[in-house]
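Quick notes on the structure that follows.
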Amino acid sequence: MTIKKRTVMQLADMICGNTPDGRPHEENYFKYRSSMYLTEFFADIETDFQHDGSTRKIWVAETLEKILAEPHSSAHVVPETFARVISRLMEHDDATNESEERTLALADLNRALSREGMEAFYADDRQCYLRNLTTNTVLTPSPNPHRPFSTAEMERREKLAEYLDSASEDALIEEVLLPLFRQLGYHRITAAGHKDKSLEYGKDVWMRYTLPSQHLLYFGLQVKKGKLDASGVTKGSNANMAEIYNQALMMLGHEIFDPEIGKRVLVDHAFIVAGGEITKAARNWLGNKLDASKRSQILFMDREDILNLFVVTNLPLPNAAWPSAVPYPAEPPF
């Protein structure tokens, strides 16, 4: 990842806690760090960099350039270590000459990052993240959906679960799944909709993902609102896995046209997504019906996966998930 030298030097000043040129000391909003505390700063973000006694700003700038040169998982995110640098720099406990909310420090940081098309922001977990100013997608590597959740995150998870209980299939797609997959780095996400079933060919959504090697993978989504089971009779909002079988075959066998490359391509993987549970029996039934090659192309995502991913990516809840007495946040986290 490449960042302009001027931006790197400004970030180095902030990490060192140097007062910007032309400003009085009282308008410096970053904690001053001597040699020992610079070493401590980089140890806190799980690196082995130790200040060698040279000019602090120059040493920090060179260290940042090494961090930015690290290989990382995707062209759509920053290196994980750089994300930790920003998070550590903006910890609330380090507020200087301002309130704990650090609005002035955040403004200084964003004046530098805007030059690179990036913006720092605080999410609901009070941690600082980076996002792309153009696409509004988060530039931080994907967080772990299996980590313990905070009290605030559990509250958001419960609100989303209540929303899924009453949401239609179209609302599940439009309000939950499309924002989620965009946030996870998929693009060209196209929803078939439910107005013309003849055009779906077994899929509700198709999208693609760019590998670090710049190769493209294509995905189709078959979405069901309720639980997927393998019982002999479909009950209520539950869908029987036998109904999914033919749709999965259609999805994997039908070509889609990608206008950006001007070619028709086959779907590489099929996501079976349910707003409820996908039972183990249902997964096994479908696996037994498909041959080995097609079985490896099927991916499952059920209610628990949706809830966990939606929460850890800090996406704003759909409007309908907020009680009428609670206004929609003025500035959603993403």
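Key figures
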read-out	value
Matching entry among E101, E119 (being of a type in the set (D, E, K, R), at pLDDT 90 or above and part of a strand (DSSP E or B))	E119
Yes/no for A83 being among the small types (G, A, S), touching a Pro at 6+ places or on another chain (Cβ under 7 Å) and not in a loop (DSSP other than H, G, I, E, B)	yes
Filter result for E175 (closer than 23 Å to N319 by Cβ and more than 16 Å from the chain's Cα centre (by Cα))	no
Helices (runs of 4 or more DSSP H) completely within the range 236-334 that count 1 or more residues being surrounded by fewer than 16 Cβ atoms within 10 Å (Cβ to Cβ), of a type outside the set (S, T, N, Q) and at pLDDT 85 or above	280-289, 303-312
Residue in the range 106-124 that is buried (at least 18 other Cβ atoms within 10 Å of the Cβ), closer than 21 Å to E27 by Cβ, free of Cβ contacts under 8 Å to residues at least 24 places away in the same chain and not small (G, A, S) present	yes
Single match in R182, R156, R188 (criterion: in contact (Cβ under 8 Å) with a residue 24 or more places away in the chain and at positive phi)	R188
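Rundown of residues vs (1) farther than 16 Å from I256 by Cβ; (2) polar (S, T, N, Q); (3) modelled with pLDDT of 85 or more, yes/no style:
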residue	(1), (2), (3)
L178	yes, no, yes
A191	no, no, no
K197	yes, no, no
H215	yes, no, yes
S231	yes, yes, no
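The values are calculated or read from the model by the stated rules, or taken from the named source; none is laboratory data. From a predicted model like this one, the values you see are computed outputs, not experimental measurements. Neighbour counts are summed over all protein chains in view; Cβ atoms, including those assigned to glycine, are modelled from backbone coordinates with ideal geometry.
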